[in-house]
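The values are calculated or read from the model by the stated rules, or taken from the named source; none is laboratory data. Everything numeric here is computed off the predicted structure, so don't read it as measured data. Positions of Cβ are backbone-derived with ideal geometry, glycine not excepted, and every protein chain shown enters the neighbour counts. These area figures cover heavy atoms from the full protein model, side chains too; ligands, DNA and RNA do not enter into them. Shrake-Rupley method; radii C 1.70, N 1.55, O 1.52, S 1.80 Å.
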Amino acid sequence: MSRQKIILLGATGSIGLSTVDLISKNSERYDVVCVVANRNAEGLAKAARRVQARHAVLNDETELDTLADLLKGSGITVSGGRQAVLDQCAEPVDLVVSGMVGAAGLEPNLAAIGAGSDLALANKESLVCAGKLVLDAVKRNNVRLLPVDSEHNAVFQVFERSNADHIEKVIITASGGPFRHASKERMRAATPADALKHPNWEMGARITIDSATMMNKAFEVIETLHLFPLKPSQIEVVVHPQSIVHGMVQYSDGSLLAQMGPADMRVPIAHCLGHPERLSVDAQRLDLATLGQLTFEAPDAQRFPSMRLVWDVMEKGDGAGAAFNAADEMAVSAFLKERIGFLDIVSVVEDALGQMEARNLLSQPSSIAEVLHIDGEARRIASDIISTI
């Protein structure tokens, strides 16, 4: 069996590290053409050596000399800069695993799709900001789009496309984060350290804060709409604090199919890496008797207004999605720097969306350039709002 050629984007983040672990334990299956990171030269060098990558790329060129020194004598070539990332993605491989964070992942993902590479997508912002562009490119280039996020991967495993007309709804679960039962007063006083204490998952800073505000779940609702043939009214969110059931599909015959698994991202990543086969993963096995019970509850849109905003964003389309994501990136960054409070995050996003709409800046983007224009305008407006808080 010939080895599958892989490019890994975001090799030093939480998704990247889990992917590196899986590839290193299945090295006979994978030929890693390239690993990419933003600016973590030391982490990228370690990842490149562990998976025996051919090439390593840093998006931020300032650490390129450090990377070259760390990989001296390894036979692994290095390059740096945004264009180097895009050039690597433009080379066809069997699978690109996209673990990059934020709207910065859109161009590399589209370059990979354009090259005819299948895409295992953990970069939800690409679909939030430009779902139609991405899906049109997937169809045009006849490639597979495999969802890595645990919720979408769960739905992917139990979604019978041959019975799509008989699907009543799709349910994605949310842990509820660290403030699931916290009062508004407690949330208002929350520090970055408080918000970064996720009860179940180990993730990067931005996604952990987004989980605390449930903005991450709002993004996942939009992602669900793009990944599956559904209407917004067919998508539901339930809070499931145990994070054992990751996604469910309700069928017209009354069947409710669910995918269950440990809170370990290696499980959905392995599903994408091996698809349509399954890899062996040394993840903890579920012991239902020990678990005892699984609980579910509706999200509180009063304390988590992101659960109210998302439906309006979906109705307005990808332009609103791009602004939604950009404003959130700015607000989360400001919160982590203690420039705004926790409850200000979603308020900034909502205010920015309102201003963008009032200026007719939420039109459906038809190109990457238009997506980036909306992204830039939303960041500027959000920054202005933040400066007044």
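Nonpolar atom fraction for the range 251-328, defined as the carbon and sulfur part of the 1.4 Å probe accessible area, stands at 50 percent.
Note that the range 346-359 has calculated 3J(HN,Hα) couplings of 5, 4, 4, 4, 5, 5, 4, 4, x, 5, 4, 5, 4, 9 Hz, one per residue in order, obtained from phi through the Karplus relation 6.51 cos²θ - 1.76 cosθ + 1.60 (θ = phi - 60°); glycine and proline are x.
May I ask you to order 294-302, 121-129 by the average number of other C-beta atoms within 10 Å around their residues, highest value first?
Highest to lowest by the protection proxy: 121-129, 294-302.
Other residues within the sphere of radius under 14 Å centred on the Cβ of residue 340, judged by their own Cβ, net out at -4 (K and R +1, D and E -1).
What FRET efficiency would be calculated for the residue pair residue 135, residue 193, taking the C-beta separation as r and a Förster radius of 41 Å, to the nearest 0.05? Please report the intermediate quantities before stating the final value.
Numbers: r = 39 Å, r/R0 = 0.94.
Rounded to the nearest 0.05, the efficiency is 0.60.
For the pair the range 328-379 / the range 148-202, the C-alpha centres are spaced 22 Å from each other.
Think of the range 1-82 as having a plus end and a minus end, set by charges on the Cβ of Lys, Arg, Asp and Glu; of 43, 64, 74, 74 sits farthest toward the positive end of this dipole. Based on alpha-carbon atoms, the Kirkwood radius and the radius of gyration of the range 241-389 give Rg/Rh equal to 1.08.
About the centre of its Cα atoms, the chain shows a dipole size close to 500 debye [charges on the beta carbon of Lys, Arg (+1) and Asp, Glu (-1) only; nearest 20 debye].
With all protein chains kept in place, the per residue accessible area of the range 191-323 amounts to 43 square angstrom at a probe of 1.4 angstrom.
Across the range 34-108, the mean sequence separation of Cα contacts (distance under 8 Å, 6 or more residues apart), normalised by length, yields a relative contact order of 27 percent.
If R0 is 41 Å, the Cβ-Cβ spacing of residue 284 and residue 389 corresponds to a FRET efficiency of close to 0.45.
Relative protection proxy for 187-198, 216-227, from highest mean packing down: 216-227, 187-198 (other beta-carbon atoms within 10 angstrom). Summed over qualifying helices (DSSP H, 4 residues or more, each -39500 (n - 2.57)) and divided by its residue number, the chain shows a 222 nm mean residue ellipticity of -14000 deg cm²/dmol. Between the residues 102, 126, 137, the greatest Cα displacement towards the positive end of the dipole of the range 1-151, with unit charges on the Cβ of Lys, Arg, Asp and Glu, is found for 137.
Which one, 6, 179, 211, is farthest towards the positive end of the dipole of the chain when Lys and Arg carry +1 and Asp and Glu -1 on their Cβ? In the chain, that residue is 6.
Past 29 Å, Cα to Cα: identify those pairs from 217/316; 132/197; 169/197, in the order given. Cα-Cα > 29 Å for 132/197; 169/197; rest within.
Need one number: convex hull volume per residue for the chain, Cα atoms only, in Å³. Expressed per residue, the convex hull around the Cα atoms of the chain is 144 Å³.
Its relative contact order, with pairs defined as Cα atoms under 8 Å and 6+ residues apart, puts the range 93-170 at 28 percent. Measuring between their Cα centroids, the range 274-303 and the range 89-145 lie 27 Å from each other. Given a 1.4 Å probe and every protein chain left where it sits, what share in percent of the accessible area of the range 73-166 is carbon and sulfur? Within the range 73-166, the accessible surface is 47 percent carbon and sulfur.
Placing unit charges on the Cβ atoms only, positive for Lys and Arg and negative for Asp and Glu, gives the range 1-119 a dipole magnitude near 360 debye about its Cα centre.
Average accessible surface for the range 1-129: 38 Å² per residue, computed with a 1.4 Å probe over protein heavy atoms with every protein chain in place.
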